[in-house]
Structure formats: C-alpha cells, structure tokens
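The values are calculated or read from the model by the stated rules, or taken from the named source; none is laboratory data. All of these numbers come straight from a predicted model, not from anything done at the bench. Because the Cβ atoms are built from the backbone with ideal geometry, glycine has one as well, and the counts that use them run over all protein chains shown.
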Amino acid sequence: MSRWNPCQVITYRVNANAVSTYSSQRSLAIADVRKAFELVQAATGIPFRYAGTTSQIPMNTSVNPWYVRQTSAEIVVSWVNQGSSTYRTNLLSKTSSGAYVSGTGGFAFKYWKTSSTPWTGATGRGYVVLNAAHNRYFKAGFGSGTTRGGLLIHEIGHAMGLRHVGATSEILYPQMLSRSTTAYGSGDRAGLSRLGRPAGCISVPTYAWSDMS
C-alpha cells in the first residue's frame, strides 16, 4: 500500500493560469482546490499547507521525470491546455480512443532500508493535472451536479494513493457523475483513513524525500 507520511505537513501549490483570463475565475478555482484539500485532510488526518501559486506544470522530460522536476511543493495542482505544444509532455492522460481526460492524479513512491531492517517506503511527491478545455463541463464548487470540486477530490484521491472503484456511490468511481452533493463516499473515506494518520507515522530519511513543509 503506497502512502504518504501522515505525520508530516504536506505542501501544495496551484497553477490556475489556464483556467481563465479573468483573475476572479482563477481565484475561484484556487478556492476550490483549497476546499478539496480540507476535505482530504478531514478524511486522512494528514495536515496540508497551501504554499501559494506556481507556474510549474507536472511533466516529464527526456532528462528528468516529473517528481525530480517538481521542486515547488510536494503536490502540484495544475490546469493545462490540452492542445498546446508547450504541454505535450505533461501528465494529462488520454482514453483508449485518444481523447484527453478531464483530469489525472498520481504520486511517486520510494523504498529504502538500513542494514538488516525491513524495506520501508513512502510517497513523497504527487500531482493533479486538469484539462482546462473541460472546465465548461464542471460547475464551480461542491454543490449538486457534476462539479469541479468532485473532479478535484477524485484526482487528489489518486494523488493520495487511491485507485478507481466499481461503486457509483463513491467519488473514486472512474466516471464523473452528477450528484446531489459533492463529498467522499463511505468507501472513499475508509480508503483514505487507511492511508492516513490511523495507519501510523513513517520515518522518512532525507535521502529518500526532501521535506518541503
């Protein structure tokens, strides 16, 4: 089971530049991200800290993978323009038909051991990449319908270590559904709890992951 050290403060930054040309719309998007992390914190017991905005976009290059390049925060949430050649190496994935998805989330995990002790591991970097072209499909906030808040807590769930589930009642169902309210389901919360503070702390050496808190 891949998980973060639940006893560290996990920093995150937001790149909302592609959300809109209007600063008010970008501010609303950032507010939704911050609310989403509050919900994840409530479900996991892991403390998160908003470290501000960034221009960074999680992406791979021929030289370094995204988690080596990601130096602004432990988790970066970024909207991207799916058709821009500048972002061809970003982590926004496609379906089997070749269409871009609305969002994607993931993490990087490392193992280590000391002398005869058992192998230990921890997640140390995460990302959420959202498709700016799909903004029109999602209502702002966490109310009823198909919401941006729902997309965010789904993808942050992946960044925490959750996988898709088969129950439509859960946010981690692979399709975004219209709901009466936007919140994690009971199964989502149970999974996040297993990845969070109730599972105990992890002592992470600095040579594995640098702490950005």
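Structure values in brief
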item: V80 modelled with pLDDT of 95 or more, surrounded by 14 or more Cβ atoms within 10 Å (Cβ to Cβ) and among the β-branched types (V, I, T); result: no
item: G45 being on the phi > 0 side of the Ramachandran plot and out of contact with any Leu (no Cβ under 7 Å at 6 or more places or on another chain); result: yes
item: Residue satisfying all of: in the range 41-58; out of contact with any Lys or Arg (no Cβ under 7 Å at 6 or more places or on another chain) and outside any loop (DSSP other than H, G, I, E, B); surrounded by the fewest Cβ atoms within 10 Å (Cβ to Cβ) among these; result: A42
item: The range 140-167: number of residues that are surrounded by fewer than 16 Cβ atoms within 10 Å (Cβ to Cβ), within 24 Å of F107 (Cα to Cα) and either touching a Leu at 6+ places or on another chain (Cβ under 8 Å) or hydrophobic (A, V, I, L, M, F, W, C) (or both); result: 3
item: Cross-chain or 6+ apart pairs with Cβ under 7 Å, the range 165-190 first and more than 16 Å from F138 (Cβ to Cβ), then modelled with pLDDT of 95 or more and of a type in the set (F, W, Y); result: V165/Y173; A167/Y173
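To keep it simple, each residue is scored yes or no on (1) under 13 Å from the mean Cα position of the chain (by Cα); (2) farther than 28 Å from E170 by Cα.
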{"site": "T11", "(1), (2)": "yes, no"}
{"site": "P58", "(1), (2)": "yes, no"}
{"site": "T61", "(1), (2)": "no, yes"}
{"site": "V80", "(1), (2)": "no, no"}
{"site": "S93", "(1), (2)": "no, no"}
{"site": "S96", "(1), (2)": "no, no"}
{"site": "V101", "(1), (2)": "no, no"}
